[in-house]
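Novice: Okay, handing you the structure first.
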Amino acid sequence: MKTMKKKGIALMAVLLLLMTGILAGCGGSGGEDDDTVKIGLVQLVEHTSLDQIRESIIDQLEEEGYVDGENIVIDYQNAQNEQSNLKTICQGFVADDVDVIVAITTPAAQVAMGETSEIPIVFSAVTDPVAAEVVADMDQPGGNVTGTSDVISVDNIMGLAEDITPGFKTIGAIYNSSETNSVSAIEDLREYAEENSLELVESAITSANEIQSAAQNLAQKCDIVFSPTDNTVASAIATANQVFVEAGVPFYVGADSMVKDGAFATYGVDYDYLGRETADMVIEILNAADPAEMPVRTMEEMAMYINSDTAAELGIDIPQEILDQATDLAREDL
């Protein structure tokens, strides 16, 4: 009898412990986990420009008191340039009921908004959000989506080209024709070429595998070559740049990070600043701002960036007035 009594007491104790654990998992004491802010961060592909944006977003959040692993959880996912991966990632964010989705690049923003009309979405590096149908209006987005644009001034970049390498007659353009941001910039380049009686030779690609042959084609025909803030080109920019350097053709681009990776020069967006502005918008939304009423932010302050190592390989002497104003990304870290 005593043995059975002891066994009964032990069994009751085990049951009590199990019930306590279940209640702790389901009840109010689990509120700390429930209160943790969850951010889903999706990036189209890894390359310097987009990595810089992501790192700047995380740094700015931390500086403002939102620290990953402490009071927020950042679920970073990279789609490896696959549309199907973007969809799976964004569906996962919705299933996890994240508080905000941060979408880096136009394709990421387009897929994210296709998966939810409830969770706020903050995009970054979407050049033309209206043309991409990500927002209805730059000043009044009107839905659950807003963010930052990396729109560039083709006129300013071509003006820089005239200052450094004057007298060019033929401009080459290398870009992915399926990237809305690139198509928008190339339309501006067509207008510039027409207004200035210049010949434009376009080489539209669909994947990074085509970059080398496209670059070789342009290098034989053009005085200078331009690429906008194109993710496909940026992901394999070393390949394109090597072709242009060997041919002695200056390669002008849309982003500072592309110059850091070897392209010749740009008058463009500071991607560190772009990322920090994106993070600030995320913070505003976490503090109850309505994305429908948050204007898309464009980077009004542009800057000159050069790569002196590439200039030396090309045998180009950059005018002193440009050197005095530009940031040399061959000598400084982004």
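Novice: Which residue, of Ser235, Ser227, Ser213, is modelled with pLDDT of 95 or more, closer than 25 Å to Arg331 by Cβ and polar (S, T, N, Q)?
Specialist: Working: Ser235 fails: modelled with pLDDT of 95 or more; Ser213 fails: closer than 25 Å to Arg331 by Cβ.
When all the criteria are applied, what remains is Ser227.
Novice: If you take just the strands (runs of 3 or more DSSP E) that sit entirely in the stretch 115-212, which of them hold at least 2 residues that are more than 21 Å from the chain's Cα centre (by Cα), surrounded by 15 or more Cβ atoms within 10 Å (Cβ to Cβ) and in contact (Cβ under 8 Å) with a residue 24 or more places away in the chain? Can you show your working first?
Specialist: Working: elements: 121-124, 145-149, 170-176, 199-205.
Here the list reads 170-176, 199-205.
Novice: In the stretch 298-331, what residues are farther than 21 Å from Asp155 by Cβ, touching a helix residue (DSSP H, G or I) at 6+ places or on another chain (Cβ under 9 Å) and charged (D, E, K, R)?
Specialist: Of the residues in the stretch 298-331, the ones farther than 21 Å from Asp155 by Cβ are 307-317, 320, 323-324, 328-331.
If we keep only those that are touching a helix residue (DSSP H, G or I) at 6+ places or on another chain (Cβ under 9 Å) too, we end up with 307-308, 310-311, 313-314, 316-317, 323, 328-331.
Of everything in the stretch 298-331, those that are farther than 21 Å from Asp155 by Cβ, touching a helix residue (DSSP H, G or I) at 6+ places or on another chain (Cβ under 9 Å) and charged (D, E, K, R) turn out to be Glu313, Asp317, Asp328, Arg331.
Novice: For the stretch 82-110, give me each residue that is closer than 20 Å to Asn181 by Cα and touching a residue at least 40 places away in the same chain (Cβ under 8 Å).
Specialist: If the condition is that a residue be closer than 20 Å to Asn181 by Cα and touching a residue at least 40 places away in the same chain (Cβ under 8 Å), then Leu86, Val102, Ala103, Ile104, Thr105, Thr106, Pro107, Ala108 are the ones that fit.
Novice: If you don't mind, there's one more thing I want to ask. Just to be sure, is Ala79 open to solvent by 70 Å² or more (accessible area, probe 1.4 Å) and at pLDDT 85 or above? Can you show your working first?
Specialist: Details: open to solvent by 70 Å² or more (accessible area, probe 1.4 Å): no; at pLDDT 85 or above: yes.
So Ala79 does not fit the description; no.
Novice: Take Val134 and tell me if it is aliphatic (A, V, I, L, M) and farther than 17 Å from Leu86 by Cα.
Specialist: Numbers: aliphatic (A, V, I, L, M): yes; farther than 17 Å from Leu86 by Cα: no.
The answer is no for Val134.
Novice: Out of Thr298, Thr310, which single residue is closer than 30 Å to Ile72 by Cβ and among the polar types (S, T, N, Q)?
Specialist: Working: Thr310 fails: closer than 30 Å to Ile72 by Cβ.
The unique qualifying residue is Thr298.
Novice: Determine whether the stretch 55-75 contains at least one residue that is within 30 Å of Arg190 (Cβ to Cβ) and assigned to a loop (DSSP other than H, G, I, E, B). Full working, then the answer.
Specialist: Quick first cut of the stretch 55-75, residues within 30 Å of Arg190 (Cβ to Cβ) only: none.
Scanning the stretch 55-75 turns up no residue that is within 30 Å of Arg190 (Cβ to Cβ) and assigned to a loop (DSSP other than H, G, I, E, B).
Novice: Something else: Based on this model, can you work out whether Gln320 counts as touching a strand residue (DSSP E or B) at 6+ places or on another chain (Cβ under 6 Å), farther than 30 Å from Pro120 by Cα and not acidic (Asp, Glu)?
Specialist: Details: touching a strand residue (DSSP E or B) at 6+ places or on another chain (Cβ under 6 Å): no; farther than 30 Å from Pro120 by Cα: yes; not acidic (Asp, Glu): yes.
Considered against the rule, which asks whether it is touching a strand residue (DSSP E or B) at 6+ places or on another chain (Cβ under 6 Å), farther than 30 Å from Pro120 by Cα and not acidic (Asp, Glu), Gln320 comes out as no.
Novice: Right, here's the next one. Can you report the number of residues in the stretch 97-108 which are within 17 Å of Pro228 (Cβ to Cβ) and assigned to a helix (DSSP H, G or I)? Spell out how you get there, then give the answer.
Specialist: In the first step, residues of the stretch 97-108 are kept if they are within 17 Å of Pro228 (Cβ to Cβ); the result is 104-107.
From what's left, assigned to a helix (DSSP H, G or I): 106-107.
So the answer is 2.
Novice: Would you check which residues across the stretch 42-73 are of a type in the set (D, E, K, R) and open to solvent by 40 Å² or more (accessible area, probe 1.4 Å) and list them?
Specialist: Filtering the stretch 42-73 down to residues of a type in the set (D, E, K, R) leaves 46, 51, 54-55, 59, 62-64, 68, 70.
Those that are of a type in the set (D, E, K, R) and open to solvent by 40 Å² or more (accessible area, probe 1.4 Å): Glu46, Glu55, Asp59, Glu62, Glu63, Glu64, Asp68, Glu70.
The values are calculated or read from the model by the stated rules, or taken from the named source; none is laboratory data. Just so it is clear, the model here is predicted, and its values are computed rather than measured. Because the Cβ atoms are built from the backbone with ideal geometry, glycine has one as well, and the counts that use them run over all protein chains shown. With ligands, DNA and RNA removed, areas are computed over all heavy atoms of the protein, side chains included. Shrake-Rupley method; radii C 1.70, N 1.55, O 1.52, S 1.80 Å.
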